[in-house]
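A short write-up of the structure that comes next.
The values are calculated or read from the model by the stated rules, or taken from the named source; none is laboratory data. Since the model is a prediction, treat every value here as computed from it, not as a measurement. Cβ sites come from the backbone with ideal geometry, for glycine too, and all protein chains shown count toward neighbours.
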Amino acid sequence: MSNITDVIERYLKEILQSQGNNMIEIKRNEIADQFQCVPSQINYVINTRFTIEKGYIIESKRGGGGYIRIHRIEHQDASALIDDLIMMINPKVEQQGAVDVLERLLEKGVITEREESIMLSAIDRNTLAFSLPLRDEVRARVLTAMLTTLKYLDK
């Protein structure tokens, strides 16, 4: 059984996909009413499931006529996607940001589930047993090396 966060995420992604223009505009209170939850639950979904690492840009305007716009970032090819991800993760990246990057690559078909698992193992906080912030810097370097290799193996 899915929790409310998963249901809201799936709903928003379905709307985004059905619209076909890679952008939707929602009203937080309307979505909260529809799912019978508090508006802060919608904020949580937006802030955790629609991040830049996962390929989304969020715009919002507060107040009575306020809205939340969710833009899906699309790249021309895998090489452009990898270039953007490398820029995003440097000079350091936290564990969750790195996981989100790999999930995005998997979703776009750039890597396989097996490759994702191998890469996740290499960048895990238990593998990189350094103190912060060094761990996040090393994770960014390791992930950058893997992404660069992917980029040039793909050509």
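Within the group Leu147, Leu85, which residue is under 30 Å from Arg28 (Cα atoms) and in contact (Cβ under 8 Å) with a residue 60 or more places away in the chain?
Result of the check over Leu147, Leu85: Leu85.
Anything in region 30-72 that is loosely packed, with under 13 Cβ neighbours inside 10 Å and either modelled with pLDDT under 90 or assigned by TED's automatic domain parsing to the domain that holds Glu94 (or both)? List them, or say none.
Ser40, Lys61, Arg62, Gly63, Gly64, Gly65, Gly66
Out of the residues in region 75-107 that are of a type in the set (Asp, Glu) and not in a helix (DSSP H, G or I), which is surrounded by the fewest Cβ atoms within 10 Å (Cβ to Cβ)?
Asp77
Go through (1) under 17 Å from the mean Cα position of the chain (by Cα); (2) outside any loop (DSSP other than H, G, I, E, B) and name the single condition Glu115 misses.
Checking Glu115 against (1) under 17 Å from the mean Cα position of the chain (by Cα); (2) outside any loop (DSSP other than H, G, I, E, B), the one that fails is (1).
Among Ile52, Ile58, Ile24, Ile46, which is closer than 30 Å to Lys92 by Cβ, touching a strand residue (DSSP E or B) at 6+ places or on another chain (Cβ under 8 Å) and not in a helix (DSSP H, G or I)?
Ile58
Within region 8-23, is even one residue buried (at least 16 other Cβ atoms within 10 Å of the Cβ) and farther than 30 Å from Leu150 by Cα?
Taking every residue of region 8-23 in turn, at least one turns out to be buried (at least 16 other Cβ atoms within 10 Å of the Cβ) and farther than 30 Å from Leu150 by Cα.
Consider region 119-144. How many of its residues are loosely packed, with under 12 Cβ neighbours inside 10 Å and either outside the structural domain of Ile82 (by TED's automatic domain parsing) or free of Cβ contacts under 8 Å to residues at least 24 places away in the same chain (or both)?
6
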